[in-house]
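Below you'll find the structure, written out as structure tokens, and then a few comments.
The values are calculated or read from the model by the stated rules, or taken from the named source; none is laboratory data. It should be emphasised that the depicted structure is a prediction, and the values quoted were computed from it without experimental measurement. Counting neighbours? That spans all protein chains shown, and the Cβs are built from the backbone with ideal geometry, glycine included. Calculation scope for accessible area: heavy atoms of the full protein, side chains included, ligands and nucleic acids excluded. Shrake-Rupley method; radii C 1.70, N 1.55, O 1.52, S 1.80 Å.
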Amino acid sequence: MENYAIEMLNITKRFPGIIANDNITLQLRKGEIHALLGENGAGKSTLMSVLFGLYQPEEGVIKKDGKVVKINDPNDANRLGIGMVHQHFKLVECFSVLDNIILGVEPNTAGFLQKKEAREKVVALSEKYGLQVDPDAVIEDITVGMQQRTEILKMLYRENEILIFDEPTAVLTPQEIEELMQIMKGLAKEGKSILFISHKLNEIMEVADRCTVLRKGKYIGTVEIAGTTKEELSRMMVGRDVEFVVPKDPAKPTDVVLDVQGITVASKSHKHKNAVNNVSFQVRKGEIVCIAGIDGNGQTELVYGISGLEPLKGGRIEFLGQDITKMPIRKRSTMGMSHIPEDRHKHGLVLDYTLENNIVLQRYFEPEFTNAAGFLRKDNIRKYAERLIDEYDVRSGQGPITPARAMSGGNQQKAIIAREIDKDPKLLIAVQPTRGLDVGAIEFIHKQIVKHRDAGNAVLLVSLELEEVMSLSDRILVMYEGEIVGELDPKKTTVEEMGLYMAGAKRQ
Amino acid sequence: MNKKNPLLRNNGVQTFITSIICIILGLIVGFAALWIINADGAGQAILGVIKNFFNKPTSATRLQYFGQTLVKTAPLLLCSLSVLFAYKVGLFNIGVAGQYCLGVMMAIYSGYVWKLPWWACLLLGIIAGAASGALCGLLKAYFNVNVVISGIMLNWISLYGTNLLLQAAKEKTGKDTVRLLSKAKQAVLPSLGLDKLFGDKYVTIAIPLAIIMAVLIWILLDKTKLGFELKATGNNVNAAKYCGMKENRNIILTMVIGGGLAAMGGALYYLSDYTQWNVNASSVPGMGFNGIAAAFLGGLNPLGAIFSSYFITHITDGGAYVDLSHYCAQIADLISAVIIYLCGFVLFFKTLINNRLRKAEERFTAKERDAVKAAEVKSEGGNQK
Ligand SMILES: Nc1ncnc2c1ncn2[C@@H]1O[C@H](COP(=O)(O)OP(=O)(O)OP(=O)(O)O)[C@@H](O)[C@H]1O
Ligand SMILES: [Mg+2]
């Protein structure tokens, strides 16, 4: 009999309207990196949450080292050495990085916190694994990337043996991903067993030993990575062949849609620094302009400035020839600006609202959805939501009335994209639009974005993913420390050259 | 599927059941308390509480006392509407008691000192409470001051402010404000015949007005664009801002409506002239806090609040019928307090029911699955033959 660190045998987990896991078996060898692959809503996070004690399966057993164990809550999981980095982080927003890491396992003497010791350990860990964090920064002020690193440190701090990574790379930069891959390999060598969820096949091919594929809650199979290919994996997962690069014609840019003139946006985390410093550029009809850069170089704030979420410290923005520098967000939106936000839980969704209400979040006030007396036209909302759910293949347990909270991460993202693109905006600002989407969905969304461009609209894409940048954009602007340091043509440049700009080693 | 479960899963049904459980539990604990103090009179006493106006000998007096229970229900209903409205949109309005005081203050003052008609008194009362709510909302929206903290502070400020101002409307002797019916008749709410119907002069339009407000709040929350915005803001301020809602305005507006509702309760009650304000009062009126219990007992539903407010008033009123030869005078308050306290457990029982349901369903589907499997095995066997 083989030596498994963890076995999940015949697990079944149901939610209202859906069987999220249908008789799934997953066996994790000691010291292996085991990838879990599947479309959005296939049940990956659910399966991992079962292992982490967040959900109780209706059927099936979990064995650790061959012995049946009962995992009633995350504390049990922790005791068994199981740690998890969630797809949507579970951090206390108003606590510091350090406090979040030690939360629940605070070192103390006679009830008094011994933070110094903890700090040393955290700093040592972060150095050892190259996980850069500022222990004293408050979570709500730091980038998503740093939040991610905090989550990983949390696991390492607890000395967990079985590490679950639920889409850890979705929010990391290519460099960080490369580092994480090395870290994971190192951890596996140290004898830790890793479960790794990712939609990025390259990563799976690079780092994993084996891969289990799920589809619509069902177990499809487990394969050795050494004996498979990207194409085969995606076929197993989606059930058809997937185009990884969307075909598109050269851009034919015309009139200026967005004209950003020397804007400056203050930084939230550093009092005396500007996140965006005197940035100017234009986006025209019929082109996709991409802001590339390493996370935390001002892209987030730049978009906040353009969309109106943060006031400008200086500069001017023109949209369709109008000065919108001081214009309220609603006005910008009705003028034809759409914004797929970076953080879907912070801005993109009201999690306690149903899917249909989230789908009309940008349009509920239009006559189609609200009558003259101020009453919602619920049947129109329902019809509209149903159409978008269908067109964009947003999967959920109960359709339009599913609470957004109960949807899988990728499907939440698809709902937001559907909402923003279907508004038919003159300017689509898309920040990491395909974050957390499966390869099939990415293909679809990329096609939508190109189609939107071809219909004569402007697209401003912010992406950390170099592949996406290269395949989708017509023009690349690289941001470094709040400034645009280079404009590149995706047809002429290379990933390496772009990397130099992104790292600040080169500028125009 | 099990036929009973979908019904049990229905939110309304669950609320109803859990509310009933809470009520029964409250009565049992209340009875136990009585029994421990004095076993002899316990049964009699708890029955007295439950029966409330049915204790009266004639149908005319029963009707009259029923009317008086309703008079006291109206302000409680408005307080609970204030709580549940704010709660539904993500804020906890603990300032209800203070806003209620302000409603009383402006109503009596403008009625007695300025001799304004009842509708103006009512309006000014509502405005006073709304303004206090607005202050809470402003502090929250622009300085991120927790509404619970500012609410509690404002409760005391409002109480003593009310005491101070109403010195001007005090009777020559004693510590209570004047009777509006004798000194400022124009300020008393009209009855539209309700007084005749119930045979009690204190029954006024306050009651139908309160019920209308409940319906309006229900519509506002559930059916309107404004409700959609307010709830979105309450649930996720960042998302509200992102999609262009005026998030600060919404927070303030929520508190304005909440404050206005509570103050309307106070104004209606005192404009019925059923009671007088004690200008030496040193504790905020319990109405505000009972409003919290009523809101939860009513399942945080404006229509449910109508019934829960009535029930709580009924029990509190019924306390008067406890036989004082067996018990000390405070027992009535104690019993109603115990019952009201247990009313707050609605959400707790709801979670319990849901967990139970899930377990039951799991067992059921497991069985079903086994049955299907067994059937499959059989039919396969049959096919092979
Ligand atoms: N708490 C919940 N309540 C109800 N339904 C849920 C809940 N969590 C997940 N689901 C449903 O279960 C299904 C599987 O969701 P899960 O989050 O496991 O998908 P996933 O494979 O992780 O997808 P993604 O790649 O998009 O993250 C989805 O259809 C989702 O709607
Ligand atoms: Mg997931």
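The table for this structure:
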| quantity | calculated |
| --- | --- |
| Restricting segment A:403-431 to residues that are in a loop (DSSP other than H, G, I, E, B) and more than 16 Å from ligand 2 (Cβ to nearest atom), the residue that is farthest from A:Ser198 (Cα to Cα) | A:Lys426 |
| Matching residues, segment A:8-32, being in a strand (DSSP E or B), more than 16 Å from ligand 2 (Cβ to nearest atom) and not hydrophobic (A, V, I, L, M, F, W, C) | A:Asn10, A:Thr12, A:Arg14, A:Asp22, A:Asn23, A:Thr25, A:Gln27, A:Arg29 |
| Qualifying residue in segment A:41-56 (condition: open to solvent by less than 50 Å² (accessible area, probe 1.4 Å), away from ligand 1 (no atom under 16 Å from the Cβ) and assigned to a loop (DSSP other than H, G, I, E, B)) | no |
| Residue check, A:Ile291 assigned to a strand (DSSP E or B), within 27 Å of A:Ala505 (Cβ to Cβ) and not small (Gly, Ala, Ser) | yes |
| Among the residues listed as B:Leu220, B:Leu261, B:Leu197, B:Leu268, the single one being open to solvent by 10 Å² or more (accessible area, probe 1.4 Å), away from chain A (no Cβ under 14 Å) and assigned to a helix (DSSP H, G or I) | B:Leu197 |
| First in segment A:402-431 and within 14 Å of another protein chain (Cβ to nearest Cβ) and open to solvent by less than 10 Å² (accessible area, probe 1.4 Å), second anywhere and among the charged types (D, E, K, R) and within 15 Å of ligand 2 (Cβ to nearest atom), Cβ under 6 Å, 6 or more apart | A:Gln412/A:Arg344; A:Ile416/A:Arg344 |
| Residue list for segment A:385-401, restricted to those being surrounded by fewer than 24 Cβ atoms within 10 Å (Cβ to Cβ) and more than 6 Å from ligand 1 (Cβ to nearest atom) | A:Glu386, A:Arg387, A:Leu388, A:Ile389, A:Asp390, A:Glu391, A:Tyr392, A:Asp393, A:Gln398, A:Gly399, A:Pro400, A:Ile401 |
| Filtered residues of segment B:167-192 (kept if open to solvent by 40 Å² or more (accessible area, probe 1.4 Å), within 28 Å of the chain's Cα centre (by Cα) and free of Cβ contacts under 8 Å to residues at least 24 places away in the same chain) | B:Leu192 |
| Residue in segment A:338-348 that is in a loop (DSSP other than H, G, I, E, B), at the interface with another protein chain (Cβ under 8 Å from one of its Cβ atoms) and buried (at least 18 other Cβ atoms within 10 Å of the Cβ) present | yes |
| Yes/no for A:Lys331 being within 14 Å of chain B (Cβ to nearest Cβ) and either away from ligand 2 (no atom under 16 Å from the Cβ) or part of a helix (DSSP H, G or I) (or both) | yes |
| Residue list for segment B:223-244, filter: more than 7 Å from every other protein chain (Cβ to nearest Cβ), open to solvent by 10 Å² or more (accessible area, probe 1.4 Å) and over 22 Å from the mean Cα position of the chain (by Cα) | B:Glu229, B:Val237 |
| Tally of residues being facing chain B (nearest Cβ under 7 Å) and either surrounded by fewer than 21 Cβ atoms within 10 Å (Cβ to Cβ) or under 27 Å from A:Ile317 (Cβ atoms) (or both) across segment A:352-384 | 7 |
| Filter result (open to solvent by 70 Å² or more (accessible area, probe 1.4 Å) and in a helix (DSSP H, G or I)) within segment A:233-250 | A:Arg235 |
| From the options A:Ala5, A:Ala35, A:Ala42, residue that is away from ligand 2 (no atom under 16 Å from the Cβ) and of a type in the set (A, V, I, L, M) | A:Ala5 |
| Any hit, segment B:288-297, residues being surrounded by fewer than 21 Cβ atoms within 10 Å (Cβ to Cβ) and in contact (Cβ under 8 Å) with a residue 40 or more places away in the chain | yes |
| Inter-residue pairs, beta-carbon under 8 Å, first more than 14 Å from every other protein chain (Cβ to nearest Cβ) and closer than 19 Å to A:Ala170 by Cα and in segment A:73-95, second more than 16 Å from ligand 1 (Cβ to nearest atom) and not in a helix (DSSP H, G or I), 6+ apart | A:Gly83/A:Arg158; A:Gly83/A:Asn160; A:Gly83/A:Ile162; A:Gly83/A:Leu163; A:Met84/A:Leu163; A:Val85/A:Leu163 |
| Close pairs (7 angstrom Cβ cut-off, 6 or more residues apart or separate chains): open to solvent by 60 Å² or more (accessible area, probe 1.4 Å) in segment A:1-27, within 16 Å of ligand 2 (Cβ to nearest atom) anywhere | A:Phe15/A:Gly397; A:Phe15/A:Ala406; A:Pro16/A:Gly397; A:Gly17/A:Gly397; A:Ile18/A:Gly397; A:Ile19/A:Gly217 |
| Residue list for segment B:316-347, filter: under 22 Å from B:Asp40 (Cβ atoms) and among the hydrophobic types (A, V, I, L, M, F, W, C) | B:Ala320, B:Val322, B:Leu324, B:Cys328, B:Ala329, B:Ile331, B:Ala332, B:Leu334, B:Ile335, B:Val338, B:Ile339 |
| Matching entry among A:Ala275, A:Ala226 (being assigned to a strand (DSSP E or B) and modelled with pLDDT under 95) | A:Ala275 |
| Residue within segment B:122-136 that is without any contact (Cβ under 8 Å) to a residue 40 or more places away in the chain and outside any helix (DSSP H, G or I) present | no |
| Among the candidates A:Leu258, A:Leu302, residue that is open to solvent by less than 20 Å² (accessible area, probe 1.4 Å) and within 23 Å of the chain's Cα centre (by Cα) | A:Leu302 |
| All positions within segment A:2-24 that are more than 16 Å from ligand 1 (Cβ to nearest atom) and within 26 Å of A:Met184 (Cβ to Cβ) | A:Glu2, A:Asn3, A:Tyr4, A:Ala5, A:Ile6, A:Glu7, A:Leu9 |
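Per-residue answers, yes or no, for (1) touching a His at 6+ places or on another chain (Cβ under 9 Å); (2) buried (at least 21 other Cβ atoms within 10 Å of the Cβ):
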residue	(1), (2)
B:Asn10	no, no
B:Trp35	no, no
B:Ile50	yes, no
B:Tyr65	no, no
B:Thr73	yes, yes
B:Cys79	no, yes
